[in-house]
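The values are calculated or read from the model by the stated rules, or taken from the named source; none is laboratory data. Owing to the predicted nature of the structure, the values given are computational and were not obtained by experimental measurement. Virtual Cβ from ideal backbone geometry, glycine too; neighbours counted across all protein chains shown. Ligands, DNA and RNA are excluded from the accessible area calculation, which covers all protein heavy atoms including side chains. Shrake-Rupley method; radii C 1.70, N 1.55, O 1.52, S 1.80 Å.
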Amino acid sequence: MSYIVVVDREGQEHRLDALNGWRVMEIIRDHELPIKGECGGCCSCATCHVYVDEAWRDRIPKREDEEDEMLDEAFSVEDNSRLSCQILFSEDLEGLRVYLAPEGA
Ligand code: FES
């Protein structure tokens, strides 16, 4: 089974099973880690904000304009910020490591 690694807000690491074609937000939410994903993945809420590990930044598809615009309205945005609903898992992302952004970010 493929997997991703998610570091929660307490610094604890979680290895989560991942399926091809699933949004990273959905994977995190399905494992009951605290991510809201309020808009269900429509890129209109920013409650699925994560930070992508530096080692992965250049290995995932770049942000589209829509994601950039949504992140402009989010808090605690960093260069490695992403909306996890906009990252579709595939085998190329096996072992992807992300950190949950602070709540309300
Ligand atoms: S779930 Fe709303 S922007 Fe990602």
>> Suppose we look only past 24 Å in the calculated P(r) of the chain. What percent of the Cα-Cα pairs does that tail hold?
In response: 11
> Roughly what would the spin-label model give for E103 and C42, points 7 Å off Cα along C-beta, in nm?
Replying inline: 2.5
>> Given an 8 Å cut-off on Cα distances and at least 6 residues of separation, report the relative contact order of region 15-98 as a percent.
In response: 42
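Accessible area per residue of region 1-62 at 1.4 Å probe, in Å²?
Each residue of region 1-62 exposes 56 Å² on average to a 1.4 Å probe.
Evaluate the charge dipole of the chain about its Cα centre and quote only its size in Debye, nearest 20, assuming +1 on the Cβ of each Lys and Arg and -1 on the Cβ of each Asp and Glu.
On the way: 11 positive and 25 negative charges, 52 e Å.
Using Cβ point charges on Lys, Arg, Asp and Glu, the chain gives about 260 debye.
Could you please report the charge total around L96, scoring K, R as +1 and D, E as -1 over all other residues with beta-carbon less than 14 angstrom from its beta-carbon? Each step should come with its number before you reach the end.
On the way: positive: R15, R23, R57, R59, R82, R97; negative: E13, D17, E26, D53, E54, D58, E91, D92, E94.
That works out to -3.
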>> In region 82-105, whose amide N lies under 12 Å from the spot 7 Å out along Cα-to-Cβ of S76? List them in ranges.
In response: 99-105
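If I compute solvent accessible area with a 1.4 Å probe over the protein chains, what percent of it on the chain is carbon and sulfur? Provide the component values of the computation, followed by the final result.
Working: 2450 of 5900 Å².
Carbon and sulfur: 42 percent of the exposed surface of the chain.
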